[in-house]
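Any read-out appearing in this document is the output of simple, stated calculations on the displayed coordinates, not a laboratory observation. All of these numbers come straight from a predicted model, not from anything done at the bench.
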Amino acid sequence: MDASFANGLAATYDTPFYAYDLSAVACRTQELMASLPEGARLFHSFKANPLPPVAEEIRLGGAQAEITSLGELHAARLAGHDLTQALYGGPGKKAAEIAAALNAGVRWFSCESWQDLKRLSEAATAAQTEVQILLRVNPAEAPDARLAMTGVESQFGFDESLLTDPEARAKVRQPGICLRGVHVYFGTQVASVGALTANTRRALETAVRLEAALDFECTVINAGGGFPWPYANNAPVPALKGLREELTTLWQASPLYPKAQLWFEAGRYLCAAAGTLVTRVLDVKPSRTRTFVVLDTGIHHLGGMAGLGRIPRSAVTFQNLSRSHAGEMTADIVGPLCTPLDSLARGLKLPVVEAGDLLAVPNVGAYGLTASLVAFLSHPAPVEISYREGEMEQVWRWRSGHQQLFPAEIPY
Ligand SMILES: Cc1ncc(COP(=O)(O)O)c(C=O)c1O
């Protein structure tokens, strides 16, 4: 990130802050769209980054909304999405939540279980409407993904064997339910064109099997995605070169082509590159044999996922925006929270830093703030700033803190 731009923003808004480059969002969206077969639809997974200006940029690039909560629904609305085209998913949808989503215009749902189907049917019937359903399936075969969500025991979707059971044919036919297709999300950070293609092949084959088993016309296959991008470091970016050709060949050879639509969903690939977290060094202190760099940010702003052990802890890049390279140091990089888990990196080699320096962490536009422990210790959330070509556009802040509710108030 440009040092003078970041220093200017820090002087106005204080640190820490997230800055999102909307040109990078537009560029990644265009790139991913161009990597999919002609006619395929792309959905933006709001869980990666629901910030309205970021989401709006992705919408303008041609993607629809994949949402999993009423908060994400609100963000999709702010980003200008047509909610009748949004896909609402997630393994634990409450009856009141489904009713509110229907009321907001949502009609497409990813259904995760028999209980979920029952709730969707009841809500649709009560609202005197019909919902378009994709059955989320957990195929038996394990995928190529860093965090596999299929082919293993999982809370996500129906095990395929539940849907190929002869009784399933009648069970999927419920009032208010229009069965449209199949959804398979294999996992995130799928590392190569070969693995992305193999997973899409598995999704298409699963859809063909279920079309026969359930005796319905499959008109949508949501093949998930898991398109990769480095997280919080400057590791080389995986190339998607050749993906479009591979997927097109595969798709056109499927018995479902051309009667069905092929959908994909992505969060990380669309948002990660655009986001930088800018933070101030508060302290550099020795403890026995180690040096601790204390920042004004930590796992409450970056890395709920880190707290859960998902970031390789030596793999974070810190760019020093206050001084040019003046030698290296080895340090543990920690935040201001009262837990030793508040650590962004251990034993990291980095350019020398001093108290007061401004640092930038790249590639945190996905699963940055949205995946963090924002409530822990009640610090304010960092502001989130969108910019384009060095010009600031909008400033937002996730609001946290307790607010008393009274009996007549509805929590949503
Ligand atoms: C069902 C589903 N779809 C899409 C995504 C987005 O994945 P990614 O950010 O890797 O593109 C996730 C992430 O967990 C997911 O669970």
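Rounded to whole Å, the principal axis extents of the Cα atoms in segment 273-397 read 44, 32, 23, largest first.
Can you list, bin by bin at 20 Å, the percent of alpha carbon pairs in the chain, starting at 0? For the chain, the binned pair fractions read 26, 53, 20, 1 percent.
As a check on your grasp of the helix formula, calculate [θ] at 222 nm for the chain: sum -39500 (n - 2.57) over DSSP H runs of n ≥ 4, divide by the residue count, round to the nearest 500. Mind showing how you got there, number by number?
Numbers: 12 runs with 112 residues, N = 412.
The helix contribution divided over the chain gives -8000 deg cm²/dmol.
Using θ = phi - 60° in the Karplus curve 6.51 cos²θ - 1.76 cosθ + 1.60, the 3J(HN,Hα) couplings for segment 376-393 round to 5, 6, 6, 6, x, 6, x, 6, 10, 10, 9, 8, 8, 6, x, 10, 5, 10 Hz; x is entered for Gly and Pro. The H on the amide N of GLN261, modeled in the peptide plane, is under 5 Å from the matching H of VAL220, ILE221, each at least 5 residues off or on a different chain.
Amide H contacts of SER45 (H built 1.01 Å from N, in plane; Pro and chain starts excluded): GLU66, ALA266, GLY267 sit under 5 Å, all sequence-distant by 5 or more or on other chains.
Less than 5 angstrom separates the built amide H of MET329 from those of LEU350, VAL352, all sequence-distant by 5 or more or on a different chain. Computed from backbone phi, the HN-Hα couplings of segment 350-364 come to 8, x, 3, 10, 10, 4, x, 5, 9, 10, 10, 10, x, 6, 10 Hz, rounded to whole numbers (Karplus: 6.51 cos²θ - 1.76 cosθ + 1.60, θ = phi - 60°; Gly and Pro given as x). Separation of segment 311-382 from segment 46-82 is 28 Å, based on Cα centroids.
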